[in-house]
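The values are calculated or read from the model by the stated rules, or taken from the named source; none is laboratory data. What you see is a predicted model; the values in this text were computed from it and never measured. Glycine gets a Cβ as well: all are built from the backbone with ideal geometry, and neighbour counts include every protein chain shown. Only protein heavy atoms, including side chains, enter the accessible area calculation; ligands, DNA and RNA are left aside. Shrake-Rupley method; radii C 1.70, N 1.55, O 1.52, S 1.80 Å.
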Amino acid sequence: MSNAVQWFQIQGTDYKPLQAFYKKVFGWKYTPTPDGSGGVMVTPAPGGIAGGIGPTMDGTSKSVAVYVSVTDIQGMLEKVEGAGGQIAMPVMDLPAGMGKISGFVDPAGNFTGLWQPPPAPTASKKAAKKASKRAGKKTAKKTAKKTAKRGAKKSAPKKAAKAAKKAAKKPAAAKKRPAKKKASRRKA
């Protein structure tokens, strides 16, 4: 689904009891937010989405919001205004390179957030990474081949010497056997 809900947010002026409440009720696991505000990030359960519980940004007593993933946050805000919504939160960069957020109020007064993920690595960065991996694999293969060749060269003289010894022993053993067989035939 395009523009999926990617984040939820529960806020209050007295947010510490909220964090304790949701942890006790649902067993949610938390990590501190990177901005140091005292908020926490909720680790998503399998099949769920991540979220946050913390202080309100505008000083109101409470709010619950969802954030929808978008590829062009500014373009989406223009669409929102064109459809009758109002921008409620200007575009802001998130800490730790986590992308951008913004928000709007729909015609009924409900707040909905927008999240634009950070840009993906460029194609040239991806290509360079792949090339580096390929070069590493090629180098490993070449090294393995060289090692195998060296090992074969070192062991070839030993193998030849063993084969020569076996060959030297076989004819002598072969000559003795027929003589024994002849002798045993005469007795019979």
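A few comments on the model shown:
- Within the range 101-120, residues that are charged (D, E, K, R) have Cβ atoms under 6 Å from residues that are assigned to a loop (DSSP other than H, G, I, E, B) in these pairs: ASP106/GLY85, counting only partners at least 6 apart in sequence or on another chain.
- Pick from the range 3-27, criterion among the polar types (S, T, N, Q), without any contact (Cβ under 8 Å) to a residue 60 or more places away in the chain and outside any helix (DSSP H, G or I), ranking: nearest to SER61 (Cα to Cα): THR13
- Positions within the range 27-42 being modelled with pLDDT under 90 and either open to solvent by 90 Å² or more (accessible area, probe 1.4 Å) or more than 30 Å from the chain's Cα centre (by Cα) (or both), in sequence order: ASP35
- Condition check for VAL64: in contact with a helix residue (DSSP H, G or I) (Cβ under 9 Å, 6 or more places away or on another chain) and either free of Cβ contacts under 8 Å to residues at least 60 places away in the same chain or open to solvent by less than 60 Å² (accessible area, probe 1.4 Å) (or both): no
- Residues in the range 4-26 that are loosely packed, with under 12 Cβ neighbours inside 10 Å and either in contact with a helix residue (DSSP H, G or I) (Cβ under 8 Å, 6 or more places away or on another chain) or of a type in the set (Phe, Trp, Tyr) (or both): PHE26 only.
- Number of the exception - GLN74 against (1) modelled with pLDDT of 90 or more; (2) surrounded by 12 or more Cβ atoms within 10 Å (Cβ to Cβ); (3) within 22 Å of the chain's Cα centre (by Cα); (4) closer than 23 Å to PRO121 by Cα: (3)
- Any hit, the range 83-90, residues being out of contact with any His (no Cβ under 9 Å at 6 or more places or on another chain) and within 20 Å of SER2 (Cβ to Cβ): yes
- The range 106-124, subset surrounded by 10 or more Cβ atoms within 10 Å (Cβ to Cβ) and over 13 Å from ALA88 (Cβ atoms), residue modelled with the lowest pLDDT: PRO121
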